[in-house]
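Undergrad: This is the structure, below, for whatever I ask next.
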Amino acid sequence: MAVEQAGQTPKKGITVLGATGSIGLSTLDVLARHPNDYQVIALTANTQTDVLFQQCQAFHPKYAVMVDEASAEALAEKLNAAGSSTEVLSGAAALEQVAALPETDYVMAAIVGAAGLLPSLAAAKAGKRVMLANKEALVMSGKLFMDAVRDNGAELLPIDSEHNAIFQSMPVQGKAGVKRILLTGSGGPFRTRDIDTLHEVTPAQAVAHPNWSMGQKISVDSATMMNKGLEVIEACWLFDVPSSQIQVVIHPQSTIHSMVSYIDGSVIAQLGNPDMRTPIAYALAWPQRIDAGVDELDFFQLARLDFEAPDFNRFPCLKFAYDAHQMGGYASIALNAANEIAVENFLNHRINFTEIPQLIENALEQASSGTPLVLEDILIQDADSREQARLWIKNNKKQTTVL
Ligand code: NDP
């Protein structure tokens, strides 16, 4: 429900799920540029109390959610002391609650990983404009999620820069004449590194993305190219195309964010500087455009644009994602769950970089066939695959120290 003010266009009410993360911060940066158009209704985080406190002081939301209870208590104390009227809620259920508030029109779904599934789904079921950054939600629940969007009159706007670019390059209605989606990816920090040294990669090296500044999990996913794999599955659901119609194109400069190839030989691309505020502003204002604070692309500074085919030997995770989507919904859930456990353990120095794909391959071998039709089955497969991945690590953990 838009917030009315006398003589003005009503402001759109916004809930930002994952406000303290990389996408959350970029979202608030764009919102701060348009105080007359948007009003923050709710902000959520997991444990970063100080960051959420500062955000509450700047945006005065009606609600602030901290999933972690102790963090919620600490935030409530600080806000009370500062005389704030923001109400603090805690627990995972509160995320779903603030995603479905009547005064919220738009929900930025920017929690990382499977934790974002239920609140993103709640926003879709409540018929909101869902600005989806949390690709893992769609990978896990593809059909169920898309059905919820359709059945409840929600709007789904992709935030991933590639999917946002595809959305901008697609026909206004339907997909008549579309031959192929060309999903670009930079190839991450290890595109040219000697493949025999990949097992030596450290977490610090893996999170140092050459073009984008992002959260830790997606940065590791970019280094393994699992991120691109998740994006292939995400694109299949968002644009209702088979994976055979999606070609990954390595484009190291990240200037073209993706393209659509048409049957008449045309290719339509969306270009821009690598800054997530562009797709965020696009989703907020769609079908209009608003200032995002992003510099205009300077063509005279662009040295060149390069393109390569992806190397599945170097990036087996990308191949596994294509395989998983072919296998069905259970396999996609297993892929995502094993990847989340693998990345967490890589970042904690418990497994090495080249064990990430091994763990995922193992999860795919154990996944049920077919596609789950109800949420409960999705959550069961997710829990089973996480347990199997933890067991794999326990059984295969190297005696030697991991870098
Ligand atoms: P970050 O790690 O930077 O932020 C994650 C956010 O989720 C934080 O607000 C964090 O809270 C919160 N969070 C973490 N765990 C939980 C949990 N268990 N329950 C509730 N909230 C939780 O991630 P990013 O912003 O990089 O990515 C968010 C999503 O957007 C991911 O799905 C990613 O794939 C996608 N994406 C990101 C892009 C980017 O440029 N960063 C680009 C395209 C897509 P706290 O800070 O308190 O831990």
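The values are calculated or read from the model by the stated rules, or taken from the named source; none is laboratory data. Quantities reported herein were computed from a predicted structural model and do not represent experimental measurements. Note: ideal-geometry Cβ built from the backbone for every residue, glycine included; neighbour counts use all protein chains shown. Side chains are part of the model used for accessible areas, which takes the heavy atoms of the whole protein and leaves out ligands, DNA and RNA. Shrake-Rupley method; radii C 1.70, N 1.55, O 1.52, S 1.80 Å.
Undergrad: Taking θ as phi - 60°, what are the ³J(HN,Hα) couplings along segment 138-145 by the Karplus curve (6.51, -1.76, 1.60), each to the nearest whole Hz, with x for Gly and Pro?
TA: Once rounded to whole Hz, the list reads 6, 4, 6, 10, x, 5, 4, 5.
Undergrad: Next up: Using the Karplus curve 6.51 cos²θ - 1.76 cosθ + 1.60 with θ = phi - 60°, what ³J(HN,Hα) values do you get for each residue of segment 16-33, in whole Hz, with x for Gly and Pro?
TA: 10, 7, x, 5, 8, x, 4, 5, x, 4, 5, 5, 5, 4, 5, 4, 5, 7
Undergrad: Using alpha-carbon positions, what is the distance between the centroids of segment 324-373 and segment 197-269, in Å?
TA: Segment 324-373 and segment 197-269 have Cα centres spaced 18 Å from each other.
Undergrad: In segment 181-273, carbon and sulfur make up what percent of the accessible area (probe 1.4 Å)?
TA: It is 52 percent, rounded to a whole number.
Undergrad: Do you know the relative contact order of the chain, to the nearest whole percent, from alpha carbon pairs under 8 angstrom that are 6+ apart?
TA: Taking the mean separation of contacting Cα pairs over the length of the chain, I get 14 percent.
Undergrad: With every protein chain left in place and a probe of 1.4 Å, what is the accessible surface of LEU391, to the nearest 10 Å²?
TA: About 90 Å², ignoring ligands and nucleic acids.
Undergrad: Moving on to the next point. For segment 77-94, take each phi angle, set θ = phi - 60°, evaluate the Karplus expression 6.51 cos²θ - 1.76 cosθ + 1.60, and give the result in whole Hz per residue in order, putting x for glycine and proline.
TA: Those phi angles translate into 4, 5, 5, 4, 4, 8, x, 7, 9, 5, 8, 9, 10, 9, x, 5, 5, 5 Hz.
Undergrad: Where a ≥ b ≥ c are the square roots of the eigenvalues of the C-alpha gyration tensor, would you call segment 99-255 rounded, which needs a/c under 1.5, or, failing that, prolate if a/b is larger than b/c, or oblate?
TA: Oblate, since a/c reaches 1.5 and b/c is not below a/b.
Undergrad: Right, here's the next one. Picking from ILE195, ILE159, ILE351, which is most flexible by a Gaussian network model of the chain using Cα springs under 10 Å?
TA: Taking springs between Cα atoms under 10 Å, the residue moving most is ILE195.
Undergrad: Right, something else. Could you work out [θ]222 nm for the chain from helices alone, using -39500 (n - 2.57) per DSSP H run of at least four and dividing by all its residues? Round to the nearest 500 deg cm²/dmol.
TA: -14000 deg cm²/dmol
Undergrad: Picking from GLN270, SER369, TRP392, whose Cα lies most toward the positive end of the charge dipole for the chain (charges on Cβ: Lys, Arg +1; Asp, Glu -1)?
TA: GLN270
Undergrad: Taking square-rooted eigenvalues a ≥ b ≥ c of the alpha carbon gyration tensor, is segment 251-403 rounded, prolate or oblate, where a/c under 1.5 means rounded and, failing that, a/b exceeding b/c means prolate?
TA: prolate
Undergrad: Still on this structure: Set Lys and Arg Cβ to +1 and Asp and Glu Cβ to -1, take the dipole of the chain about its Cα centre, and tell me which of ALA76, HIS60, LEU359 lies farthest positive.
TA: Value computed over the given set: LEU359.
Undergrad: Rounded to the nearest whole Å², what accessible area per residue is found for segment 59-115 with the 1.4 Å probe?
TA: So segment 59-115 comes to 45 Å² accessible per residue, rounded to a whole number.
Undergrad: Sticking with this structure for a sec: Connecting C-alpha atoms closer than 10 Å in a GNM of the chain, tell me which of LEU305, LEU89, LEU132 has the biggest fluctuation.
TA: With Cα springs under 10 Å in the chain, the top fluctuation among LEU305, LEU89, LEU132 is at LEU305.
Undergrad: Further, regarding this structure: With a 1.4 Å probe and all protein chains kept in place, how much accessible area does GLU103 have, in Å² rounded to the nearest 10?
TA: Here the accessible area works out near 30 Å².
Undergrad: Let me ask you something else. Using DSSP, restrict attention to beta bridges with both residues in the chain and report what percent are antiparallel, rounded to the nearest 5.
TA: Approximately 30 percent, going by the DSSP bridge assignments.
Undergrad: Excluding residues on the same chain fewer than 8 positions from LYS143, give the lysines whose Cα lies under 17 Å from its Cα.
TA: Reachable lysines: LYS125, LYS135.
Undergrad: Next question, about the same structure. By accessible area of protein heavy atoms, probe 1.4 Å, what ranking do TRP286, TRP392 get, highest first?
TA: TRP286, TRP392
Undergrad: Go through ASP323, ASP151 and list them by solvent-accessible area, largest first, probe radius 1.4 Å.
TA: Descending accessible area places them as ASP151, ASP323.
Undergrad: Summing Lys, Arg as +1 and Asp, Glu as -1, what charge do residues with Cβ under 15 Å from the Cβ of ALA285 carry, ALA285 excluded?
TA: So the environment of ALA285 carries a net charge of +1.
Undergrad: Given a 10 angstrom Cα cut-off, can you work out which residue in PRO102, PRO203, PRO274 is the most mobile in a GNM of the chain?
TA: In this elastic network of the chain, the residue with the biggest mean-square fluctuation among PRO102, PRO203, PRO274 is PRO102.
Undergrad: Further question: Using the Cα centre as the reference, give the magnitude of the dipole from point charges on the C-beta atoms of segment 304-370 (Lys, Arg: +1; Asp, Glu: -1; all else neutral), rounded to the nearest 20 debye.
TA: 60
Undergrad: In addition: Rounded, prolate or oblate for segment 4-81? Axes are the square roots of the Cα gyration tensor eigenvalues, ordered a ≥ b ≥ c, and the cut-off for rounded is a/c under 1.5.
TA: It comes out prolate by the Cα gyration axes.
Undergrad: Could you work out the relative contact order of segment 341-398, using alpha carbon pairs under 8 angstrom and six or more residues apart, expressed as a whole percent?
TA: The normalised contact order for segment 341-398 reaches 44 percent.
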